[in-house]
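The values are calculated or read from the model by the stated rules, or taken from the named source; none is laboratory data. What you are looking at is a predicted structure, and each value in this text was computed from that prediction instead of being measured. Positions of Cβ are generated from backbone atoms using ideal geometry, with glycine treated the same way; all protein chains shown enter the neighbour counts. Surface areas here come from the heavy atoms of the whole protein model, side chains and all, with no ligands, DNA or RNA. Shrake-Rupley method; radii C 1.70, N 1.55, O 1.52, S 1.80 Å.
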Amino acid sequence: MNVRSMKRALLLPILVLALGVFASFVAWIVVDQQIHEGEQLRFARYSDRILTTIKQRLLDHERLLEGGRGLFYASQSVSADEWRAYASAQKFDIYPGILGFGYIAFVPRASLSDYVAMVRKEQPDFEVKSTSDKADLFVIQQIEPKAGNVAAWGFDVGQEVNRREAAEAAARSGDAMLTRKITLVQDQKKIAGFLMLLQIYKSKTLPEFAARKGDLQGWTYVPIRAEELMEGVVAATEDMVDFKVNEGESEQDADLIYDANKHRTMPVNLQDEKKLSVKPVFEKKSKFEAHGRTWTVFTSSRPEFEQTAQGSAWVFFLGFCLTALAAATVWVLSNARRSAELLADAMTVEVRQREERWQLAVKGSHAGIWDWDIRTGYVYYSPRWLEILGLEDGEVVADRQSFLKRLHPDDLSRVQASLQAHFRRMTSTYAEEYRIRHKDGEYRWVTVNGLANWDENDQPVRIVGSMIDITLRKQAEADLRDSEGLMRAVVDSTVDGIITMDEFGAIQNFNRSAEVMFGYDQTTIVGKNVGSLLSELDRSRISAHLQRFLAIDGAQTFERDRELQGQRHDGSVFPIEMAMARIMVKEKIMLTVIVRDITERQKIDRMKPEFVSTVSHELRTPLTSIPCLSGCHTQPLDIVRRDFLA
């Protein structure tokens, strides 16, 4: 073979080799880029998971505050024992970082002494801890558990600018708010912490913006230690990612809330220590609004994460050994794989986001979920649904009939009727409150909401809904009705008329004795001025008398009996005796009037002098007609008359 033939024979292998080397090099670069992009996407998912976990924990804390506010809205007032019982029922271990669960009262300084006296009726050792001279105080009235939180009990939150700013922001906005980074008074570690506060309005609804401060009653709140709030978040990334949280967008140490890297286990050797000092390959900065505060989460990859991103050099060596076709095939396949991975990742992210939103909604509402397949009869019960009834998975038969057996017999027909009405589209949703048997045999009150799906023949095929335990609310409502009924019975059983009116004299309440005395029915007299119950002579003076009475200093003033002329519904006038007392009800002046008909007493008073005069006359007349014997005189007669009259 001549030189030219040899050159031709070598030309193709050299060309194939050259193409193979080139293709391998290209494949190496491409695969390395793919690995980098894939790891960057994985790092981004871990970073998002950290952000989601922090947000979820804060959202859980807000739901705890909403539950506390609901306790106040379900009752006129919440005693220390009721708050302690409600707080004890919460599972604090599912709320990372909180040191307690409390209630902050909004106290105008002018009412401070009355407020302290009121609280000491239940908690005699209560003291307000404040050095502020502001017009109002934000006093921690309740905090549970007391152990470890004694330093915070009675503390005036409004005396410190960061706490006051967050509390006022919550009152204005109607939303839960976080303070800036602070040191909690009860935290012996003296590390970064903050308060989360949720306002309570007296009207039990969100008032117009201008009226919110005047309608403010206080706040439910939780003190949170940042270190414990963030504990375990790194575990959600399989210990692959570090993070730190700062207030605002600053990276300064002064604004640092938490740094996971500073809480890692110390390296066991010099090599591990060097790994910690190497600049991370992946870093991300994520800003989000945390209940009125701007927080920034800085995430960075750990060496363990970066080790999984190595190992792309094998592509070059493998490609060097293969033909150009093999290298080209690897390159094409790698591109196809990359496209498939990106598509799969996108689908996975979307599915996960939907699932996370669903889980957040369910967990935040504290509701149990049920799903009834009407065609098959199968019913799914969520873990929370089972927990409400004290059941474990497998302790309930998943069918409709087993569920109906748990309903209270008095509620069964109503529940069935309401469900059928929804199936016939007579109601937009299925909503009911009923009693259902707990595992312990007792019945619990629950509120249930559901929504059905219908097929093309307008037949219901499925209904999904939620169930929330409202036993405490129902018990509070029953207690309130019993208390009001007892008070009404006591008032109606008194002989004297009892009338309640406002500071302008408008009648608010009228007991049974007053109805009989004046001839009015309560439904017709309520709202009228008290002057309508007096004679025309006294009616013109009652308004001026009320003004003088209300001008007397003292939150609670009592006026002794005053005789007036009452006027019945038929226009007849009769003498009455009236006593009046002033009381404060929800910072509003109310007047209680006790009225007594003194007609019979006045008759007796008029009869006394007539009786005495008659007896005196009868005694005097026969004695004066007897002739005076020797030595007699009138003195013995006078003595007898005086002794009798005495």
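Here are the numbers:
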quantity: Test set (1) open to solvent by 30 Å² or more (accessible area, probe 1.4 Å); (2) in contact with a helix residue (DSSP H, G or I) (Cβ under 8 Å, 6 or more places away or on another chain) - LEU198 fails condition number; calculated: (1)
quantity: Residue count, segment 502-519 (criterion: in a loop (DSSP other than H, G, I, E, B), open to solvent by 30 Å² or more (accessible area, probe 1.4 Å) and more than 16 Å from GLN547 (Cα to Cα)); calculated: 1
quantity: Any pair with Cβ under 9 angstrom, 6 or more apart, that starts in segment 502-523 at a residue that is of a type in the set (Lys, Arg) and ends at one that is open to solvent by less than 30 Å² (accessible area, probe 1.4 Å) and not in a loop (DSSP other than H, G, I, E, B); calculated: ARG512/GLY497
quantity: Residue match in segment 558-578 (condition: open to solvent by 90 Å² or more (accessible area, probe 1.4 Å), touching a strand residue (DSSP E or B) at 6+ places or on another chain (Cβ under 8 Å) and modelled with pLDDT of 85 or more); calculated: no
quantity: Flag for ARG424 being surrounded by fewer than 14 Cβ atoms within 10 Å (Cβ to Cβ) and of a type in the set (Lys, Arg); calculated: yes
quantity: Residue in segment 259-269 that is at pLDDT 80 or above, under 30 Å from ALA176 (Cβ atoms), open to solvent by 70 Å² or more (accessible area, probe 1.4 Å) and not in a loop (DSSP other than H, G, I, E, B) present; calculated: no
quantity: Residues satisfying the stated conditions in segment 120-136, i.e. over 15 Å from ALA152 (Cβ atoms) and in contact with a helix residue (DSSP H, G or I) (Cβ under 9 Å, 6 or more places away or on another chain); calculated: GLU122, THR131, SER132, ASP133, LYS134, ALA135, ASP136
quantity: Close pairs (6 angstrom Cβ cut-off, 6 or more residues apart or separate chains): at positive phi and open to solvent by less than 40 Å² (accessible area, probe 1.4 Å) in segment 153-182, part of a loop (DSSP other than H, G, I, E, B) and modelled with pLDDT under 90 anywhere; calculated: GLY174/LEU206
quantity: Qualifying positions in segment 363-398 - acidic (Asp, Glu) and either loosely packed, with under 13 Cβ neighbours inside 10 Å or in contact with a His (Cβ under 9 Å, 6 or more places away or on another chain) (or both); calculated: GLU392, ASP393, GLU395
quantity: Residue match in segment 484-495 (condition: touching a Leu at 6+ places or on another chain (Cβ under 8 Å), of a type in the set (S, T, N, Q) and surrounded by fewer than 18 Cβ atoms within 10 Å (Cβ to Cβ)); calculated: no
quantity: Qualifying residues in segment 206-225 (those that are buried (at least 18 other Cβ atoms within 10 Å of the Cβ) and among the hydrophobic types (A, V, I, L, M, F, W, C)) - the one farthest from PHE106 (Cα to Cα); calculated: ILE224
quantity: Cβ pairs under 6 Å, 6+ apart, first in segment 420-448 and among the acidic types (Asp, Glu), second surrounded by 16 or more Cβ atoms within 10 Å (Cβ to Cβ) and outside any loop (DSSP other than H, G, I, E, B); calculated: GLU432/VAL415; GLU432/SER418; GLU432/VAL448; GLU433/THR447
quantity: Residues of segment 441-457 classified as assigned to a strand (DSSP E or B) and within 33 Å of the chain's Cα centre (by Cα), total; calculated: 11
quantity: Checking ALA313 against (1) within 30 Å of GLY100 (Cβ to Cβ); (2) modelled with pLDDT under 85; (3) of a type in the set (A, V, I, L, M), the condition it does not meet; calculated: (1)
quantity: Filter result (touching a strand residue (DSSP E or B) at 6+ places or on another chain (Cβ under 7 Å) and either among the hydrophobic types (A, V, I, L, M, F, W, C) or surrounded by fewer than 18 Cβ atoms within 10 Å (Cβ to Cβ) (or both)) within segment 102-119; calculated: ILE104, ALA105, PHE106, VAL107, PRO108, ARG109, LEU112, VAL119
quantity: Residues being closer than 16 Å to THR220 by Cβ, of a type in the set (A, V, I, L, M, F, W, C) and either open to solvent by 50 Å² or more (accessible area, probe 1.4 Å) or modelled with pLDDT under 90 (or both) - total across segment 141-152; calculated: 0
quantity: Close pairs (6 angstrom Cβ cut-off, 6 or more residues apart or separate chains): touching a residue at least 12 places away in the same chain (Cβ under 8 Å) in segment 573-597, among the basic types (Lys, Arg) and surrounded by 14 or more Cβ atoms within 10 Å (Cβ to Cβ) anywhere; calculated: GLU577/ARG596; LEU591/ARG582
quantity: Test: residue in segment 60-75 that is polar (S, T, N, Q) and either free of Cβ contacts under 8 Å to residues at least 12 places away in the same chain or touching a Gly at 6+ places or on another chain (Cβ under 9 Å) (or both); calculated: no
quantity: Test result for THR523, buried (at least 17 other Cβ atoms within 10 Å of the Cβ), under 27 Å from GLU587 (Cα atoms), modelled with pLDDT of 85 or more and of a type in the set (Ser, Thr, Tyr); calculated: no
quantity: Residue check for ARG400: modelled with pLDDT under 90 and not small (Gly, Ala, Ser); calculated: yes
quantity: Elements of type strands (runs of 3 or more DSSP E) in segment 100-215, at least 1 residues being over 24 Å from GLU62 (Cβ atoms) and out of contact with any Phe, Trp or Tyr (no Cβ under 7 Å at 6 or more places or on another chain); calculated: 101-108, 136-144
quantity: Selected residue (criterion: surrounded by the most Cβ atoms within 10 Å (Cβ to Cβ)) from residues of segment 399-413 that are under 11 Å from ILE436 (Cβ atoms) and basic (Lys, Arg); calculated: ARG406
